[in-house]
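Participant: Structure in structure tokens, see below.
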Amino acid sequence: MQNRLDNQGRTRWRRFAAMIVPATAAAGAILFGMSTGAIASDITVSGQTFKIKAERLEGDGFKQYGGIVREKDGTVHPIALAEITSADLYKLCQSVRADLPGLPVVLTINAGDGKDPAKAKDLLIAMDSLDGNATFSNIKIGRDASDLNPTARAGSFGQNAEEVTITNLEQVSRYTTASTFNLVGLRLKVNVGDAAKGKECF
């Protein structure tokens, strides 16, 4: 029994380390290295969601349509996809739970807290939910999604706008990509045990 628990603990630590190391090396777990603007069919997600919060997002070139992501075991998750050609994010926070057996763990990343925001280009977000106050410029609602992105299902609902501003943004995501992501004033912290309580972005 003890050996099995020890093995489980080592497996959890390896998974946790595998998440932390790329996040540090790439200056944030937000980045996954794709810049095509669409989720490739051979990309699988972890099945774990993460939270993103921002005081304000200002974006140019906004598109939104539906899609799916898959886990390695074949589990399918319907998601909403949002593309933004360029985005400024003020007071950005990202958090993900990475609990170990009997030990709460929360990884947090913060950036753009000063006068200069975090900046992203060719941003793609696969999300479960989004809350906030949004203003769109020259929005077109009810477009065929495949006209916005050829990987989207023809005949499905889509919308786009020249500009978007979202304040008090709170988002639960499954996957995010960007061609570049400039995290000004990056702070990454692993919160463990009691220190992990209340450390998620929301």
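The values are calculated or read from the model by the stated rules, or taken from the named source; none is laboratory data. Note that the coordinates shown come from a computational prediction; the quantities given were computed from them, not determined experimentally. Here Cβ is always computed from backbone atoms with ideal geometry, including for glycine, and neighbour counts include all displayed protein chains. The accessibility values were calculated without ligands, DNA or RNA, using every heavy atom of the protein model including side chains. Shrake-Rupley method; radii C 1.70, N 1.55, O 1.52, S 1.80 Å.
Participant: Which residues, taken from the range 87-107, are farther than 18 Å from residue 127 by Cα and not in a loop (DSSP other than H, G, I, E, B)?
Facilitator: Within the range 87-107, 88, 90, 100, 103, 105, 106, 107 qualify.
Participant: Those residues that are touching a Gly at 6+ places or on another chain (Cβ under 6 Å), in a strand (DSSP E or B) and not β-branched (Val, Ile, Thr), I need them from the range 108-118; list them, please.
Facilitator: At the first step, the residues of the range 108-118 found to be touching a Gly at 6+ places or on another chain (Cβ under 6 Å) are 109, 111, 113-114, 118.
In the following step, the residues that additionally are in a strand (DSSP E or B) were identified as 109, 111, 118.
Of everything in the range 108-118, those that are touching a Gly at 6+ places or on another chain (Cβ under 6 Å), in a strand (DSSP E or B) and not β-branched (Val, Ile, Thr) turn out to be 111, 118.
Participant: Moving on. Cβ-Cβ under 6 Å, sequence separation 6+ or interchain: first residue in the range 188-202 and in a loop (DSSP other than H, G, I, E, B), partner of a type in the set (A, V, I, L, M) and modelled with pLDDT of 95 or more. Which pairs?
Facilitator: 199/106; 200/106
Participant: Here is a further query. Is at least one residue of the range 66-74 under 30 Å from residue 194 (Cα atoms) and either touching a residue at least 12 places away in the same chain (Cβ under 8 Å) or part of a loop (DSSP other than H, G, I, E, B) (or both)? Don't jump to the end; show me each part of the working.
Facilitator: Within the range 66-74, the first condition is being under 30 Å from residue 194 (Cα atoms), and the residues that meet it are none.
The answer is no, given that none of the residues of the range 66-74 is under 30 Å from residue 194 (Cα atoms) and either touching a residue at least 12 places away in the same chain (Cβ under 8 Å) or part of a loop (DSSP other than H, G, I, E, B) (or both).
Participant: Quick one: which residue in 141, 166, 84 is β-branched (Val, Ile, Thr), under 29 Å from residue 71 (Cβ atoms) and over 14 Å from the mean Cα position of the chain (by Cα)? Walk me through it before giving the result.
Facilitator: Values: 141 fails: under 29 Å from residue 71 (Cβ atoms); 84 fails: over 14 Å from the mean Cα position of the chain (by Cα).
Criteria check complete, one pass: 166.
Participant: Among residues belonging to the range 145-193 that are more than 18 Å from residue 59 (Cα to Cα) and of a type in the set (A, V, I, L, M), point out the one that is modelled with the lowest pLDDT.
Facilitator: This residue is 152.
Here is a yes/no grid of residues against (1) at pLDDT below 95; (2) of a type in the set (Lys, Arg):
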position: 47; (1), (2): yes, no
position: 56; (1), (2): no, yes
position: 87; (1), (2): no, no
position: 96; (1), (2): no, no
position: 104; (1), (2): no, no
position: 107; (1), (2): no, no
position: 112; (1), (2): no, no
position: 115; (1), (2): yes, yes
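Participant: In the range 53-63, is there at least one residue being touching a strand residue (DSSP E or B) at 6+ places or on another chain (Cβ under 8 Å), outside any strand (DSSP E or B) and crowded, with 18+ Cβ neighbours inside 10 Å? Break it down into steps so the answer makes sense when it comes.
Facilitator: Filtering the range 53-63 down to residues touching a strand residue (DSSP E or B) at 6+ places or on another chain (Cβ under 8 Å) leaves 53-63.
Those left that are additionally outside any strand (DSSP E or B): none.
For the range 53-63, residues touching a strand residue (DSSP E or B) at 6+ places or on another chain (Cβ under 8 Å), outside any strand (DSSP E or B) and crowded, with 18+ Cβ neighbours inside 10 Å: absent.
Participant: Does residue 91 satisfy the criteria of being at positive phi, open to solvent by 70 Å² or more (accessible area, probe 1.4 Å), over 13 Å from the mean Cα position of the chain (by Cα) and touching a residue at least 24 places away in the same chain (Cβ under 8 Å)? Before the answer, list the steps.
Facilitator: Details: at positive phi: yes; open to solvent by 70 Å² or more (accessible area, probe 1.4 Å): yes; over 13 Å from the mean Cα position of the chain (by Cα): yes; touching a residue at least 24 places away in the same chain (Cβ under 8 Å): yes.
The answer is yes for residue 91.
Participant: Let me ask another. Being within 20 Å of residue 61 (Cβ to Cβ), surrounded by 17 or more Cβ atoms within 10 Å (Cβ to Cβ) and among the small types (Gly, Ala, Ser) is true for just one of 126, 196, 111, 134. Which residue is that?
Facilitator: On the way: 196 fails: within 20 Å of residue 61 (Cβ to Cβ); 111 fails: within 20 Å of residue 61 (Cβ to Cβ); 134 fails: surrounded by 17 or more Cβ atoms within 10 Å (Cβ to Cβ).
Of the residues listed, the single one that is within 20 Å of residue 61 (Cβ to Cβ), surrounded by 17 or more Cβ atoms within 10 Å (Cβ to Cβ) and among the small types (Gly, Ala, Ser) is 126.
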